[in-house]
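Please read the structure below before turning to the comments.
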Amino acid sequence: MSDHHHKETFITKYVFSTDHKMISKQYLITGIFMGIIGVFMSMMFRLQIAWPDTSFSLIEAFLGSHQDGGVMSPDIYLAIVTIHGTIMVFFVLTAGLSGTFSNLLIPLQIGARDMASGFLNMVSYWLFFLSSVIMVSSLFVEAGPASAGWTIYPPLSALPQAIPGSGMGMTLWLISMAIFIASSLMGALNYIVTVINLRTVGMTMTRLPLTIWAFFVTAIIGVVSFPVLLSAALLLIFDRSFGTSFYLSDIFIQGEVLHYQGGSPVLFEHLFWFLGHPEVYIVILPAMGIVSEIIACNSRKPIFGYRAMIGSIISIAFLSTVVWGHHMFVSGMNPFLGSVFTFTTLLIAIPSAVKAFNWITTLWKGNLQMNPAMLFSIGFVSTFISGGLTGIVLGDSALDINVHDTYFVVAHFHLVMGVSAIYGMFAGVYHWFPKMYGRMMNKTLGYWHFWITAVAAYGVFFPMHFVGLAGLPRRYYANTAFPLFDDVADINILITLFAILGGAAQLIFLANFFISIYKGKKATQNPWKSNTLEWTTPIEHVHGNWPGEIPSVHRWPYDYSKPGQPKDYVSQITPLYEGEEES
Amino acid sequence: MTALLYILLAFIIGIAIWQITSIFNLKSVIATEKDNNTQGILFAAFGIFFYGLMIFCFWKYSVVLLPDSASVEGVRYDHLYMVTMLVILFVQAVTQFLLFYFAFKYRGINDRKALFYADSHKLEMIWTIVPAVVLAGLVLYGLSVWSDVMDSSDAENPLIIEVYAKQFQWEARYAGNDNQLGRGNVRNIKGINTMGVDMTDKNSLDDIPTRVLHLPKGRQIVFKFRSQDVLHSAFMPHFRAQMNCVPGMVTQFSFTPSITTLEMRKNEKTMAKVAGINKIRAEKGEDPYEFDYLLLCNKICGASHYTMQMKIIVQEEADFNTWLSSQKTIAEVVQEN
């Protein structure tokens, strides 16, 4: 770290950078690009769900041989649904969210010059980039991309005879995800080591902002669970290519018996969900951390129950690794296991409730500064509660029987982890944009973006619960084969209209984001009057973050509106005043 | 209606573009007191929209929901569901109100200082213990229903039926006079023996294959599920019943039908739903629909996943027995071919 002023070329500064701030921007831009693809796909399949058999020039233009006269084929419908899920969960909400903000904020908020290993960090990003390229290129495979759902349950995902997407498309999916997991592990290890080793003088674990706690714990969950998905994927590759029978047994398809004997798809389900469930917390915890920070700062109040917030992050993380079976209540697994997983799953509602109440109490008697980041944070709390509560239905094995795999589930997880995590991501972008680009995003566009998105999100996902409760299974290309579901057609049209509205609202964000990078108003050093360390660094980025000594920390990050202080915020680097007690 | 929404959409996009052009003129980038005021009021308005949407959905869409449970076990399911839903809706109503109300009430004013309130063990104990107690109640109730539904070991003389899944069709097999299913394996699939029944097993001979599932009212049925290719899920929503069909293993679910198809057609909620459906069908010039129970596929299984179904007919036990005895056994079917 001795020489921060060595000459940088374009390549080392913008492409193969080892600077965490640049890497964070790379993650964000890649995440946004993948997000555009993912959201666009949802627009396409929502058109199909609302108006099956109707010709759309949009679909004709984009789907080539996978459509007939502007109507998509059932195979490509399933493929789009699959890739939408994959992209949104992994590429946008894992890499795009965690990758962006862990990278940006961990060194800046703990007072470190950079990540523990800048090189590993760079490799992590470029592996993510490579996996994104492979995933996107799988869209152009002749037989179509992977189509077995983002959960890729075999045998459907193992047998090209069962669905065309399980040929080359699935192979690319598996390769892409294997690389993605390698990237994610490198990132996570880096985050953990950095938080443990590189905190500045005085930055004890109980003076860390909640963002850092969230990123730190998220990284630990990732290290524990992602390797299991990698092994699941490897065994699937063996079954697909080398004739093993880990997941397959007794299969008769297209007039012939296959040689597989003795495997079980239920094994795959266990392995998949051992990652798959913690994965939703990998997605939501960073958003929770971001929201905690933004709500405290914009309420001009300390976060309520700081230690309880840390405790709930840790207990959610621990419990998240012992609840995976709630995705498998009707998989044929022993019903006794169902009872165990019901118990652990409903336990997780307790720390979640603590968090929700603590956020609401933080607002109470605050002096709320309604910046766009704050709107999205309040929106986060709302969607997290709405989506979280229906988890009580789905986490209860008995009740899950009749709503499992229906649109009720789709509504639930989109609210609680999809919309909420995206809100957290938007909140983070609006809040830390000045730190990333030295400029401010436009406020008014931010307001429009939030309100249209908020109305559209509930307009989509609230009525969707009813579609599920009417018994309509998810992943149906059309519900025209069942007169029983004729009366949900209207609801589906309403949902699609709101979805298009919500999708269009994101154009406002894109415009605001990209224009502000170049033309936004120049930022001041601490625009939100925040206490945390990142706002003590110069606006213009320097390699090593602080031009001189790294400041030492003397207090926790939430001394907002502390009685006896001249201002309503006190930076963490301010020593305690005479006679002042630490909060 | 649709056109109106399109126009609304175009209008909003228009405003967005107009906003974009004025972006660079705006000097203020941080929320002012005026912004706090406007946005706080908007949160109150959004709260009203939020409750309005909830009430609208319950009022308008309750008719599309499934009618009363058609199985004995499902009645307990419905009750558990009601209790859980009431808890959820209560918590939802209260917490969302507090959230939007606080956002409105405490919107920032320049010369006000927020209350420095960092901790309260008492409050935190309350919202740890209260959810814990409520959830404990729901868990205990849920688990009692779950073990009740999943444990069919105490069934007296249950009817045993195999449900067999494949891309993209359902078949079924009754265990016959001996009430014992003959062994099955995909390696036996040949010609008319589409379920791969082992014809050398003496239990197989009296088994009765079918493509329409007839069930007797009032008798417990134990379903054994198999699949020949990929995962499927046998979903019988009217009976609150679902189980995956897994290649290579036999899974099980059990329930006791309590309402015949004819009775269900006369159920008030069913009639309201069917009337709604038929109104829509009449507008499209389609034949009227008559209610039937269904078994659907609820696990993504391939291109025609969305069409995979089997009709279920629940009859009085005497009618069922008459029907069953008129059916050919698998031995007869195989012999004929």
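The values are calculated or read from the model by the stated rules, or taken from the named source; none is laboratory data. No experiment lies behind these values; they were computed from the predicted model shown. Cβ coordinates were reconstructed from backbone atoms using ideal geometry, including for glycine residues, and neighbour counts include every protein chain displayed.
Numbers at a glance
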read-out: Selected residue [more than 14 Å from chain B (Cβ to nearest Cβ), among the β-branched types (Val, Ile, Thr) and within 30 Å of A:SER241 (Cα to Cα)] from A:VAL123, A:VAL195; value: A:VAL123
read-out: Given (1) in the same structural domain as A:HIS449 (by TED's automatic domain parsing); (2) part of a loop (DSSP other than H, G, I, E, B); (3) crowded, with 17+ Cβ neighbours inside 10 Å; (4) not hydrophobic (A, V, I, L, M, F, W, C), number of the condition A:LYS562 does not satisfy; value: (1)
read-out: Residue ID - surrounded by the fewest Cβ atoms within 10 Å (Cβ to Cβ), chosen from residues in region A:297-330 that are in contact with a Gly (Cβ under 7 Å, 6 or more places away or on another chain) and more than 30 Å from B:PHE225 (Cβ to Cβ); value: A:ARG300
read-out: Qualifying residues in region B:191-232 (those that are acidic (Asp, Glu) and buried (at least 19 other Cβ atoms within 10 Å of the Cβ)) - the one nearest to B:LEU324 (Cα to Cα); value: B:ASP207
read-out: Scan of region A:256-278 for residues that are more than 36 Å from the chain's Cα centre (by Cα) and more than 9 Å from every other protein chain (Cβ to nearest Cβ), ordered by number; value: A:GLU256, A:HIS259
read-out: Selected residue [more than 8 Å from chain A (Cβ to nearest Cβ) and farther than 24 Å from A:ALA398 by Cβ] from B:SER304, B:SER258, B:SER325; value: B:SER325
read-out: Some residue of region A:321-343 being in contact with a helix residue (DSSP H, G or I) (Cβ under 8 Å, 6 or more places away or on another chain), at the interface with chain B (Cβ under 8 Å from one of its Cβ atoms), free of Cβ contacts under 8 Å to residues at least 60 places away in the same chain and outside any helix (DSSP H, G or I); value: no
read-out: Output for region A:32-70, where each listed residue is surrounded by 17 or more Cβ atoms within 10 Å (Cβ to Cβ), polar (S, T, N, Q) and in a helix (DSSP H, G or I); value: A:SER42, A:GLN48
read-out: Unmet criterion (only one of (1) facing chain B (nearest Cβ under 9 Å); (2) assigned to a helix (DSSP H, G or I)) for A:PRO302; value: (2)
read-out: Residues that are part of a helix (DSSP H, G or I) and either within 9 Å of A:GLY111 (Cβ to Cβ) or without any contact (Cβ under 8 Å) to a residue 12 or more places away in the chain (or both), drawn from region A:197-206; value: A:MET205
read-out: Residue pairs meeting the criteria (Cβ under 6 Å; at least 6 apart or on separate chains; first on the phi > 0 side of the Ramachandran plot, in region A:305-320; second part of a helix (DSSP H, G or I)); value: A:GLY305/A:ASN358; A:GLY305/B:GLU124
read-out: Only one of A:LEU172, A:LEU97 that is without any contact (Cβ under 8 Å) to a residue 40 or more places away in the chain, in a helix (DSSP H, G or I) and surrounded by 20 or more Cβ atoms within 10 Å (Cβ to Cβ); value: A:LEU172
read-out: Residues located in region A:214-236, provided they are under 17 Å from the mean Cα position of the chain (by Cα) and of a type outside the set (A, V, I, L, M); value: A:PHE215, A:PHE216, A:THR218, A:GLY222, A:SER225, A:PHE226
read-out: Filter result (of a type outside the set (A, V, I, L, M, F, W, C), within 7 Å of another protein chain (Cβ to nearest Cβ), outside any loop (DSSP other than H, G, I, E, B) and more than 13 Å from A:PRO463 (Cβ to Cβ)) within region B:25-63; value: B:ASP35, B:ASN36, B:GLN39, B:GLY40
read-out: Qualifying residue in region B:236-253 (condition: at negative phi and charged (D, E, K, R)); value: no
read-out: Tally, over region B:93-122, of residues that are assigned to a helix (DSSP H, G or I) and of a type outside the set (Ser, Thr, Tyr); value: 13
read-out: Cross-chain or 6+ apart pairs with Cβ under 7 Å, region B:101-116 first and within 7 Å of chain A (Cβ to nearest Cβ) and of a type in the set (Lys, Arg), then surrounded by 22 or more Cβ atoms within 10 Å (Cβ to Cβ) and part of a loop (DSSP other than H, G, I, E, B); value: B:ARG107/A:MET370; B:ARG112/A:ASN367; B:LYS113/A:ASN367; B:LYS113/A:SER561
read-out: Residue check for B:GLY248: surrounded by fewer than 24 Cβ atoms within 10 Å (Cβ to Cβ), away from chain A (no Cβ under 11 Å) and assigned to a loop (DSSP other than H, G, I, E, B); value: no
read-out: Residue in region B:123-145 that is within 21 Å of the chain's Cα centre (by Cα), in a helix (DSSP H, G or I) and either surrounded by fewer than 16 Cβ atoms within 10 Å (Cβ to Cβ) or more than 7 Å from chain A (Cβ to nearest Cβ) (or both) present; value: yes
read-out: Candidate set from region A:126-166 (those that are within 9 Å of another protein chain (Cβ to nearest Cβ) and among the β-branched types (Val, Ile, Thr)); member that is farthest from A:VAL223 (Cα to Cα); value: A:ILE163
read-out: The one condition in (1) surrounded by fewer than 22 Cβ atoms within 10 Å (Cβ to Cβ); (2) more than 7 Å from every other protein chain (Cβ to nearest Cβ) that A:PRO372 fails to fulfil; value: (1)
read-out: A:ILE495 crowded, with 21+ Cβ neighbours inside 10 Å, more than 7 Å from every other protein chain (Cβ to nearest Cβ) and not charged (D, E, K, R); value: yes
read-out: Residue satisfying condition, being in a helix (DSSP H, G or I), more than 21 Å from A:GLY428 (Cα to Cα) and not basic (Lys, Arg), within set A:SER124, A:SER102; value: A:SER124
read-out: Hits in region B:298-318 (condition: under 23 Å from B:SER258 (Cα atoms), in contact (Cβ under 8 Å) with a residue 24 or more places away in the chain and in a helix (DSSP H, G or I)); value: B:GLU317
read-out: One residue from A:ILE110, A:ILE11, A:ILE29, A:ILE106 being farther than 30 Å from A:ALA481 by Cβ, surrounded by fewer than 24 Cβ atoms within 10 Å (Cβ to Cβ) and modelled with pLDDT of 95 or more; value: A:ILE29
read-out: Residue in region B:76-94 that is at pLDDT below 95, exposed (fewer than 13 other Cβ atoms within 10 Å of the Cβ) and more than 7 Å from every other protein chain (Cβ to nearest Cβ) present; value: no
